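Below: one structure, written as structure tokens.
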Amino acid sequence: MKNRNRTYLPLLLGFACAIGVLLGAALDFSDYTGNSLLKNNKKKEKLARLIDYIEYEYVDDVDIDSIVDVTVNEILTDLDPHSVYIPQEEYVDLSASMKGDFVGIGVSFRNINDTIAVIQTMEGGPSERVGIKGGDRILYADGEALFDANISEDSITNKLKGEEDTRVVLKVYRKGVPELLEFDVKRGRVALKSVDAAYMLTPELGYIKINRFAESTYEEFRESLLKLKKKGATKIALDLRNNPGGYLAEATKIVDEFLPEKKLVLITKNKKGAIEKTFATKDGNFETGELYVLINENSASASEIIAGALQDNDKGVIVGRRSFGKGLVQREMALGDGSAVRLTIARYYTPTGRSIQRPYANGSEEYFNDYLNRYKNGELQSADSIHVDDSLKYVTPGGKIVYGGGGIIPDIFIPKDTNFEKQSLNLMLRNGYMDGFIFEVLEKNRKYYNALSYEDFLQREMISDEILMEFRNFMRRENFDIRFSDYRPVLRRYLKAAMAQQLFGSTAFEQILNEEDPAIHKVIDLATHRNLKK
């Protein structure tokens with residue numbers, strides 16, 4: 001469940017996007033105690049002694065936990081940009097996101113006029129199964145009122161969450177129904193989907209968008225792939241744009257679906273020089289079909305593993321802009337107090353031997369500001385502005401020239417639209433800012449909107465001039481004054497996508513946005529013209 005500020009959906013990945021996390025298998029440090037780690041090491045012992053002195057002798061009271069947190073952060077920051085400390089308060093939510101599910105009643109909600117309003121129920125979740133719908137107001141949980149103005153959002157969340165298989169009785173107000181409805185909801189695991197969309201772009205071309213690589217990603221992907229094949233897909237567009245990465249194993253299993261047995265997928269090398277190679281097996285479900293992989297400057301780590309493995313094996317066409325450039329492998333280690341670290345333990349290389357890790361010798365701040373440098377040097381608008389080093393040139397088995405040294409360079413370049421107004425509107429959409437306004441629109445006539453089929457919804461002009469004016473007034477109330485008179489078609493599409501998200505889910509959301517996406521149009525064009533040449 002979520003509200004505007006607390007979300008278990010892909011927005012939870014903002015932290016992961018910032019650091020480009022690539023997870024490996026977890027290390028078990030349970031056999032090591034503090035004493036054993038410090039034993040016979042005077043420098044480690046000195047650090048522990050200093051902390052003890054501060055705690056017991058310093059003139060003022062000091063929060064030792066905060067000192068330790070700062071110390072750990074400083075140590076990791078000096079190593080590399082992707083070795084990070086995860087405080088206890090962040091670790092629970094981040095772990096749930098990467099695990100791929102959480103325990104709850106399965107609703108996204110907003111606090112409107114001190115009342116919990118359901119935006120939508122999560123597909124297959126406990127609330128959907130018992131009949132709770134978007135627009136319902138949850139007034140009571142086990143007889144306790146949830147509409148108290150003084151109740152905190154955390155308190156509401158805690159009352160709705162609970163242990164798996166426990167029950168909560170909800171009393172719900174539904175517009176048009178005279179009496180409160182009662183639902184006995186059995187809490188259960190609710191999927192946090194990492195496949196945002198899967199549908200057919202053309203009768204032959206299927207589309208799959210992955211937002212991260214969590215524990216459930218491969219199974220979600222495989223299920224989507226098989227469904228699209230049944231619908232006639234002989235070609236696949238795999239969208240990895242803005243995907244920050246995740247579990248290494250999930251990425252390599254997805255690559256395996258496209259490559260024949262014994263093809264090299266990935267090389268990793270640790271500090272001792274030990275090399276490990278990952279090869280494709282014989283189980284691929286799409287080894288002969290055409291493939292198009294979409295990437296951009298925010299596609300990182302596991303996304304780059306997929307793009308690099310396919311490019312180096314001459315499988316498919318890479319479309320978009322140069323990827324982030326993260327070739328370091330992290331492993332997660334618990335610190336015993338609910339916090340954890342992700343420590344870089346190896347480098348990875350694509351099948352031709354490329355390292356695509358960007359340099360980070362000048363510090364993390366410059367490393368993560370690389371986007372600004374790409375913007376300034378024109379790389380986001382022109383492929384000719386991408387600077388490559390001939391010494392990092394590699395050749396694939398099919399004779400294609402590829403480069404290492406910082407990201408995957410696509411085969412087909414798509415410039416970024418850098419128009420400020422369009423970017424601002426897109427940011428509002430992707431961050432859920434438009435959701436509140438659209439919820440208000442739907443509330444005015446729930447009966448009408450809930451009766452629409454998806455086909456009717458796609459064909460109708462759902463965003464009228466009146467709704468556009470209402471949105472402008474809504475923005476002004478929120479202290480935004482963006483002039484969008486020249487971008488009415490863009491705004492109509494974005495608002496319709498936000499409406500589709502609440503009524504029909506994430507596939508509908510992505511499908512509407514993709515209707516005017518230059519990269520999607522290019523993929524469709526490439527797939528169509530390949531057909532004509534045959």
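The values are calculated or read from the model by the stated rules, or taken from the named source; none is laboratory data. Because the structure is a prediction, the values reported are computed rather than measured. Quick reminder, even Gly has a Cβ in these numbers, built from the backbone with ideal geometry, and neighbours come from all protein chains shown.
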Unique match (being touching a residue at least 24 places away in the same chain (Cβ under 8 Å), farther than 22 Å from Ile414 by Cβ and in a strand (DSSP E or B)) among Thr268, Thr252: Thr268
Given (1) free of Cβ contacts under 8 Å to residues at least 24 places away in the same chain; (2) among the charged types (D, E, K, R); (3) closer than 22 Å to Val255 by Cβ, number of the condition Asp384 does not satisfy: (3)
Test: Arg358 is under 20 Å from Val329 (Cα atoms), of a type in the set (D, E, K, R) and either over 21 Å from the mean Cα position of the chain (by Cα) or at pLDDT 90 or above (or both): yes
One residue from Val107, Val92 being surrounded by fewer than 21 Cβ atoms within 10 Å (Cβ to Cβ) and either assigned by TED's automatic domain parsing to the domain that holds Leu442 or in contact (Cβ under 8 Å) with a residue 24 or more places away in the chain (or both): Val92
Unique residue being touching a residue at least 12 places away in the same chain (Cβ under 8 Å), loosely packed, with under 15 Cβ neighbours inside 10 Å, closer than 25 Å to Ile318 by Cα and charged (D, E, K, R) when the list is Lys400, Lys447, Lys376, Lys416: Lys400
Residue check for Ile409: assigned by TED's automatic domain parsing to the domain that holds Asp389 and either under 30 Å from Asp136 (Cα atoms) or hydrophobic (A, V, I, L, M, F, W, C) (or both): yes
Residue match in the stretch 199-210 (condition: assigned by TED's automatic domain parsing to the domain that holds Ser303, crowded, with 24+ Cβ neighbours inside 10 Å, among the small types (Gly, Ala, Ser) and over 21 Å from Ile119 (Cβ atoms)): yes
Search result, residues across the stretch 362-417 that are in a loop (DSSP other than H, G, I, E, B) and among the hydrophobic types (A, V, I, L, M, F, W, C): Leu380, Ile386, Val388, Ile408, Ile409, Ile414
Ser382 being of a type in the set (S, T, N, Q), modelled with pLDDT under 95, assigned by TED's automatic domain parsing to the domain that holds Thr278 and surrounded by 14 or more Cβ atoms within 10 Å (Cβ to Cβ): no
Among (1) in a strand (DSSP E or B); (2) surrounded by fewer than 17 Cβ atoms within 10 Å (Cβ to Cβ); (3) not assigned by TED's automatic domain parsing to the domain that holds Ser127 - the single one Asp196 does not satisfy: (2)
Residue within the stretch 232-245 that is free of Cβ contacts under 8 Å to residues at least 40 places away in the same chain and in the same structural domain as Gly325 (by TED's automatic domain parsing) present: yes
Entirely in the stretch 61-172, the strands (runs of 3 or more DSSP E) that have 3 or more residues that are over 21 Å from Glu443 (Cα atoms): 84-86, 101-104
Only one of Gly135, Gly176, Gly143 that is on the phi > 0 side of the Ramachandran plot and at pLDDT below 90: Gly176
Some residue of the stretch 469-488 being small (Gly, Ala, Ser) and surrounded by 11 or more Cβ atoms within 10 Å (Cβ to Cβ): no
